[in-house]
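Please treat every number below as a calculation from the coordinates, not as lab data. Keep in mind the model is a prediction, meaning the values are calculated, not measured. Note that each Cβ is placed from the backbone with ideal geometry, even for glycine, and that neighbours are counted across all protein chains shown.
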Amino acid sequence: MGLIVLLLAVEIFSTVIQRIFCENTLAKRIDSSLVEIAVWGGYYVSINITTYFLIHNIWFNMAVSLAAFFVVVRIIYSDSLKSILVVTVFIYLTGMGTEILLLFLVRYLEWPLNEDTEMVYAIISRLICFCFVKTVSLLVKKKRNVELNFQDWMEVFIVPVGSIWVLLALMEAGPFSEQASSFVAVFILLLINVATYYLYDKSKETEEKKMREKILEKQCEYYIRQNKESQKWWEELRNFRHDIKQHYLLEKMLIDAGNYSDLERYCNESLKLVTKGRLVSNTGNLYIDSIINYKVELAAQFGIEFEVKASAPRNGELNAEDLSICLGNLLDNAIEAVAGLQKEKVIKCSPAN
């Protein structure tokens, strides 16, 4: 009875592995967690009843399992038929591959192979599969430009490998099938593997969310300043246009009187008024103008001048987060480098030749 319960627990762990891989590679169609749990639960129950109680032909069981898994993934995820087929085949080839690999390893190392150790090897094969699935999941994230670090790779291996070590130690301690404490230990090990993955994944999501919030906060600073400067400039320009008739009358009067020196002085003052609130960057692209004009204000505190000759599509498809990080860091580095100079401090922004 104990072995049957343990076997069911191992199969739950296998289903969790499959779900983890699908979560990391496919896009969800169903948003309801209850519906998703119900679908996976129905898959788990139907497959185990079919495999262990109804049908005992290995090839027929494999075909049923593949078909059932494909249906489940098709219901929950919205990816193309080709992607779902690839995931289905990959999952089952991975499971079969790890079992074959473990079998060769057992024979090579001459480990005991009997009824007492068969369940331990089954659990170890699932843990090896778990390592492989998590590794592939990380590679998928890397392909999607998600930054990975050493801790990510440590999380992939340290818990499953440690669990395998503990299982081998339990097997060495005595007959596995006769020790109730062994069953409890296996349950705890499997639970730790699943819980560690989800807790680490959740903490990474929280960390990435905080980073995005900081980037958005910086973007808001750019946009607020851009908006204030633009409002100030347009208000002054509106007032100038409102009085433009008087400006023309005064200029005509100076021309008629031949007072060209006063006319020149008056024109210069008018030009200063028009260009007084002019922003340094006026490409028309909100993202680029906001960042450059914000950095210009910061650079002015160090006596640094900006010479900007930039152009950009007004409605270009630019990622705001990437642009804020790349252009913002680039200008920060330039300001830091020029601030330490003793000679004329100028930063030039222009398209690459």
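Rounded, prolate or oblate: which one fits the range 79-133, using the alpha carbon gyration tensor with axes a ≥ b ≥ c (rounded when a/c is under 1.5, else prolate when a/b beats b/c, else oblate)? Prolate is the answer for the range 79-133, as a/c is 1.5 or above and a/b outweighs b/c. Positive contributions from Lys and Arg (+1) and negative ones from Asp and Glu (-1), summed over other residues with Cβ under 12 Å from the Cβ of LYS134, come out at -3. Output the pairs from LYS309/LYS343; LYS295/LYS345; LYS210/LYS295; LYS214/LYS348; LYS214/LYS295; LYS141/LYS214 with a Cα-Cα distance over 19 Å in this structure; if there are none, say none. Table pairs above 19 Å Cα-Cα are LYS309/LYS343; LYS210/LYS295; LYS214/LYS348; LYS141/LYS214. Sorting the segments 62-69, 10-17, 199-206 by their mean number of nearby beta carbons within 10 angstrom, highest to lowest, gives 10-17, 62-69, 199-206. Close amide H pairs (under 5 Å, H built 1.01 Å from N) link TYR77 with ARG29, residues at least 5 positions away or on another chain.
Its residue count N sets the reference 2.2 N^0.38 Å, and the alpha-carbon radius of gyration of the range 2-215 equals 1.08 times that reference. Summarising the amide proton neighbourhood of PHE306: residues at separation of 5 or more, or on other chains, whose placed amide H is nearer than 5 Å comprise ILE347.
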